[in-house]
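One structure below.
Readers should treat all values here as calculations from the given coordinates under stated rules, not as data from a laboratory. Only a predicted model underlies this, so the values are computations on that prediction, with no experimental measurement involved. Reconstructed Cβ throughout: ideal geometry from the backbone, glycine too, with neighbour counts over all protein chains shown.
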Amino acid sequence: MKRYKLSSKKDRKKFLRSICQGIILIYILYLMLTALFTFNEYESYDNVTLSSNGFIAISYFGVDRSGNDTLISTRRLEEHLKALKNSGYVTITQEDVLDYYEKGKQLPEKSLFLMFEDGRRDTAIFAQKIMEKYNFKATMYTYADKFAKNDVKFLMPDELLDIEDSTYWELGTNGYRLEYINVFDRYDNYLGELNALEFSKVSSYLDRNYNHYLMDYIRDEYGIPKESFKEMKKRVEYDYNCMKEIYIKELGKVPAMYVLMHSNTGQFGTNSKTSAVNEKEIYDLFAINFNREGHSLNTSDNSVYDLTRMQPQSYWYSNHLLMRIWDDTGQEVNYVVGDKEKAKNWITLEGQAEFKEDSIILTSMPKGRGILRLNKNKIKDLQLSVYLEGNKLGSQTVYIRADKQLKNYISVQIKNNTLYVMEKVDGTKKELFNLNLDEFDGIDFQSVEENKKEAQRVELKTKITYGNTADEKEEAKEELKYKVKEEVDSVEEGAQLYIPELELKEAGRRYLEVSVKDNRLSIFIDEKEAVSGLVTTNLLEGLICLEAAWGEYGYSQRNLVDDVYDGVFKQFLVKEYESGDILYDDILHGIEAIKHNAKEKWENIVNWFIKSL
């Protein structure tokens, strides 16, 4: 009898599990079908104010449903495009761009040229429905060599022709291939030429000492060209000829628009002679070329062969994008406020704030800061907690006991992954405490020599896997045997500490708890004590402020220039110290919390199924 009941219970669980899996699969099938098929058509802009002020160009690396540090999530992309639409932007086409430069045609006052690079299949699937929703048109860029490799991650020729027929896409090209030359690691070890896969394997050991395939002569470890001018010219022309042949064979045409990877030099290459070869090929093959990145605005002062694009990062919130566009163009934009009821609790002093579910996203001014002041009575003794989820490079600060002019306050700040406690009395600022959070986490630091050895081992393993010849692979195997046995000093043995540079994209998440009573302050980070009983000046009661601030450009292999910072203050909670009375609470409760958690879990399940199918 017991056996029968147990079996029935198992059967019921299996039955319920099967139903749940069936529902999820049906939903995923629906997503895929609606993404792949469209019955709408793009409608060109109409009844808009025209001007000769030019246009902005926005270019995304690619789209992924859940997103990562390079590909933007569908949710964030929709937020971006919605914000652009609400700010009055309409998309223009390649023909519009040509007519603007060749015929002096006026464009909509807020013209957007939208781009997606690398020709990823998931970009087409996940971006199109969002573009349809806001009636946006974009150019899809591809590398010609991907067609022969038949890589499932990238769109093939028949798919490119299909998306072009949908009316929401035009076609462009990034060139024949994405490869790198004259590559050195951070220790000046010469790696030579790397394809995109090899580059990705060793990228964490590189700085910026490398070049793209068409930018320069191929050089040896001493910087001396390994090829003559004639050989360099033949190599560069070969790339353009291969690209041309493939596109004509597979698409029946060469796309009119090109993105040169990766100039930003004021010419068409790092080397003037290479630039001249590129220039001739570009002028012969293409009508339009994007030659720079970093800024979005293109005006009649630009050449149609020297256009610039902004590349929004996957971690940018909507106001970050809008702030950058405002800085480039001077045009008014409609910043995203989010929950207007929550916004009433705060006074925005600088920057822009979005109130989104249980988070406050505070976006700084370019090369500046964003500041919010809580619209509550002054308080002296308190307990507060908050998750700080802005990127590590930059600063997020909580001010307590502050006056309106910020001439008096106590501040708790996490800046570039270091905790600082400061106080300011009558305009005089003083540091009370600082703590390196890597050390606080107990990270086992490498020495410079250990990191150098690790880099060389990874580089040799990459060469063994992807080397061009059997001799090259065998030589790498022998050298690796030596490197494995080689002993180097650790930090404990007195060697120099290796401290990696913070990258622009490096995510941060810290749970900060602060309590202050009279002239004593205590702080917990991630539920571990950071400092207790810190003596402060016994300031009078005061206000609470939040600040997000840009500090420096920071390191990025993609060499991006970004001077805006998003501070993210999640689940901000403030209590009166003695009574425990809640003075401010951003934590979701009740039905709000249930709906939020259910939505997050459902999204995670769907994302898992999509990635696993």
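For the stretch 36-91, GluC sites (Glu not before Pro) meeting the loop criterion (DSSP other than H, G, I, E, B) and having at most 10 other Cβ atoms within 10 Å: 41, 43. Legend: ranking of residues 566, 207 from fewest to most surrounding C-beta atoms inside 10 Å; resulting order 207, 566.
If you scale each eigenvalue of the Cα gyration tensor by 5 and take the root, what three semi-axes come out for the stretch 364-490, rounded to whole angstrom and sorted largest first? Don't skip to the end; give the middle numbers.
Details: eigenvalues 529, 55, 27 Å².
Rounded to whole Å, the semi-axes are 51, 17, 12.
In the stretch 42-136, Rg over Rh equals 1.00, where Rg is the alpha-carbon radius of gyration and Rh the Kirkwood radius from pairwise Cα distances. Between the stretch 374-442 and the stretch 194-215, the C-alpha centres lie 39 angstrom from each other. Bridges between two residues of the chain, per DSSP, are antiparallel at a rate of about 75%.
If each residue's Cβ is checked for other Cβ atoms within 10 Å, how do 152, 574 rank with the fewest at the top?
152, 574
The stretch between residue 267 and residue 208 holds 19.3 nm of extra length on full extension. This uses 0.36 nm per residue minus the Cα-Cα distance. Per the Debye calculation on the stretch 94-238 with a single equal scatterer at every Cα and no solvent contribution, log₁₀ I(q)/I(0) for q = 0.12, 0.17, 0.18 Å⁻¹ amounts to -0.70, -1.02, -1.06.
Go ahead and estimate [θ] at 222 nm for the chain from helices alone: -39,500 (n - 2.57) per DSSP H run with n ≥ 4, summed, over the residue count, rounded to 500.
Roughly -11000 deg cm²/dmol at 222 nm, from the helical runs in the chain.
Solvent-free Debye calculation, one equal scatterer per alpha-carbon of the stretch 451-575: log10 I(q)/I(0) at 0.22, 0.23 Å⁻¹ equals -1.23, -1.26.
Highest mean packing first, where packing is the average number of other Cβ atoms within 10 Å per residue, the peptides 264-271, 105-112 line up as 105-112, 264-271. Pairs of lysines in the stretch 448-547 whose Cα atoms sit within less than 17 Å of one another amount to 23, provided the residues are eight or more positions apart or on different chains. Ranked for footprinting exposure by Cβ neighbours inside 10 Å, fewest first, 314, 303 give 303, 314. Between helix 448-466 and the chain there is an angle of about 40 degrees, using the helix long axis and the longest principal axis of the Cα atoms.
Here the chain is treated as an ellipsoid with the same Cα gyration tensor; its semi-axes, largest first and in whole Å, are 43, 33, 30.
Report the far tail of the P(r) of the stretch 285-390, meaning the percent of Cα-Cα pairs longer than 19 Å. For the stretch 285-390, the fraction of Cα-Cα distances above 19 Å is 56 percent.
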